[in-house]
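Each reported figure results from applying straightforward, stated rules to the coordinates on display, with no laboratory input. Bear in mind the structure is a predicted one, so any value in this text is a computation, not a measurement. Note that we place each Cβ from the backbone using ideal geometry, even for glycine, and neighbour counts take in every protein chain shown.
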Amino acid sequence: MVSQGVAAVDRALTILRAFEGEGDPEPLTLAALARRTGLYKSTMLRLMVSLQAFGYIVQLPDGRYHLGPTPFRLGSVYQRGNRLYDHVMPVLRTLVAQGTESPSFHIRHDAKLRLCVLRIDSQHSTLDRVSAGALLPLDRGAAGTIILAFDGAQLGEKYDRAREANWAVSYGERDPDCAGIASPVFGADDRLVGALSVSGPKLRFTDDNVHKMSSLVIEAARRITHSLGGRPPL
């Protein structure tokens with residue numbers, strides 16, 4: 001899809017975006033990239049020359065393509081320059097120390113996706129498959145529920161419950177074996193910044209654990225909101 005920008009740049013960025021997705025990223029063949037982007041192979045090959053020269057893409061010995069080191073370096077620059085990191089990471093570490101499932105912080109990416117910008121694994125031996133940089137469905141999972149409930153006032157019973165309780169829980173919505181709890185974080189303008197969540201194997205989300213972790217997540221989200229200059233809901 002070409003926007004109002006420079007066509008060649010739009011196509012190059014479309015190629016990079018083709019590597020996004022849930023789960024562990026896999027190298028892609030030229031044919032797979034063509035299917036995901038809708039671009040001709042000849043067009044992509046010309047763009048690949050520049051993308052490889054600047055380290056955005058590498059070609060593996062078997063001919064498949066994968067992201068190169070440059071996106072990682074840019075991501076590191078983003079984290080260092082993003083004040084969310086300083087406000088959120090200490091709270092994520094505290095949640096892990098309190099024995100919760102793996103905490104993470106999600107923001108809206110677009111109309112259909114949310115982006116996990118920060119994540120720490122819990123101390124449990126089994127974990128869910130979420131990592132910083134992952135794009136996840138906005139309409140599935142506790143974090144997605146929170147974003148839709150407080151950013152755009154999505155209608156529906158579960159969104160009403162989330163707004164009333166200031167938190168949401170999901171069981172198997174995104175992954176049938178996983179569950180999650182999330183609460184909203186607001187900025188100085190009292191607009192939603194993102195959703196703080198904990199997630200892990202569904203079997204560990206017993207009623208007692210959900211009660212304990214929801215209280216911890218709500219309080220943690222309030223602390224981040226206060227540190228960002230926002231006001232938590234009453």
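The table for this structure:
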quantity	calculated
³J(HN,Hα), Karplus 6.51/-1.76/1.60, whole Hz, each residue of the range 136-148, x for Gly, Pro	10, x, 6, 9, 9, x, 4, 4, x, 4, 5, 4, 5
Prolate/oblate/rounded call for the range 108-169, Cα gyration tensor, a/c under 1.5 rounded	oblate
Whole-Hz couplings from phi, Karplus 6.51/-1.76/1.60, listed for the range 84-96; x for Gly and Pro	4, 4, 5, 7, 8, 4, x, 5, 4, 5, 5, 4, 4
Within the chain, longest stretch clear of exposed trypsin sites (Lys or Arg not before Pro) (DSSP loop, no more than 14 other Cβ within 10 Å)	1-111
Gain in span if fully extended, Asp190 to His226, counting 0.36 nm per residue against the direct Cα distance	11.9 nm
About the Cα centre, charge dipole magnitude for the chain (Lys/Arg +1, Asp/Glu -1 at Cβ), debye	620
Tensor-based shape of the range 7-68 (alpha-carbon gyration tensor, a/c under 1.5 rounded, otherwise prolate or oblate)	rounded
Over the range 7-68, relative contact order from alpha-carbon pairs under 8 Å, at least 6 apart, %	36
Note, ³J(HN,Hα) from phi for the range 39-52, Karplus 6.51, -1.76, 1.60, rounded to Hz, x at Gly and Pro	9, 5, 4, 5, 5, 5, 4, 5, 5, 4, 4, 6, 4, 6
Simple Cβ-charge dipole of the range 114-234, Lys/Arg +1 and Asp/Glu -1, about Cα centre, in debye nearest 20	200
Descending Cα extents along the principal axes, the chain, whole Å	56, 39, 35
